[in-house]
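Input: a single structure, listed below in structure tokens.
Computed from the coordinates by the stated procedures, all read-outs in this text should not be read as laboratory data. Predicted, not measured: the structure shown is a model, and the values here were computed from it. Virtual Cβ from ideal backbone geometry, glycine too; neighbours counted across all protein chains shown.
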Amino acid sequence: MSSINVAIDPRATAVVCVECQAGVLGENSVLPALASDARAVLPGIEKLVHSARAAGATVVHATFEGRLGAVNPGTAPLWRAMAPPTEEWAPGHPATRVLPELYAEEDLVLPRHHGLSATWGNELLPVLRGRGVRTVVFAGVSLNVALVLGAGEATHEGFEVVIARDAVTATPAEYGEQMLRHTFKMLGWVLTVDELGAAWRAFPAETNVQSGSDGGRTA
């Protein structure tokens, strides 16, 4: 168990898998260096989603479905690099589909069509709040940009934030370790998948999901 002695209500938790889709982490990735580095953590992401479903947590897939004809990618170098290879992406395109080993029918798929953050200015966080979620666990890619923007936004919006450290990565991978140590630890808890599972099991099963005001946790 983590050195942080914490119990987290799984029924008030959402695991948000960011861009774990064929066009990003699959064989034909538009970001091959990232896809290569992510291979080491795919088993951790798969373990996390299975653990989350078994515990009663919500699993969400935050995908990118293309820019819907927008022609100006903006000034961000990442957007400008991704614009040409994702030009044909649209809802239903094979590149936008969640990796099959990570998907189950009961999961939520909340795609976006703009921005580098999975949460900024879209419906993801309002949907989770409406479902009674108080703790957001981030997994997927990447620690370089999307995850740090999403974790910052979720923290700003009053959610408790967890980063599943063995279910996330950056490119290069060693940079991700620096981000976890020096940035993400300032935004929330950085826990392994096993530590998070233990935190879910530690939460009293009889506790009402609507009770309390401590974000669904006990210390």
Approximate shape of the stretch 76-127 as ellipsoid semi-axes (Cα gyration tensor, √5λ), whole Å, largest first: 21, 17, 9
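Once you charge only the Cβ atoms, +1 for Lys and Arg and -1 for Asp and Glu, what is the size of the charge dipole of the chain about its Cα centre, to the nearest 20 debye?
On the way: 16 positive and 23 negative charges, 64 e Å.
Approximately 300 debye in magnitude.
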All other residues with a Cβ under 12 Å from the Cβ of T169 taken together, and with Lys, Arg as +1 and Asp, Glu as -1, what is their net charge? -3
Prolate/oblate/rounded label for the stretch 89-193 (Cα gyration tensor, a/c 1.5): oblate
Using modelled backbone amide H atoms (1.01 Å from N, in-plane), which distant-in-sequence or interchain residues come within less than 5 Å of V109's amide H? H61
Please compute the Cα-Cα pair-distance distribution of the chain with 5 Å bins starting at 0, giving whole percents from short to long. 1, 7, 16, 21, 21, 16, 10, 5, 3, 1, 0
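Relative contact order (percent) for the stretch 61-219, with alpha-carbon contacts under 8 angstrom and 6 or more residues of separation? Could you put the intermediate results ahead of the total?
Working: 187 pairs, mean separation 29.6, N = 159.
The value is 19 percent.
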Zone residues, the stretch 31-45, relative to Y175, backbone N less than 20 Å from point 7 Å out along Cα-to-Cβ: 31-42
Size of the stretch 1-89 along its principal axes in angstrom, Cα-based, largest extent first? 47, 25, 23
DSSP beta bridges in the chain [antiparallel fraction, %, rounded to 5]: 10
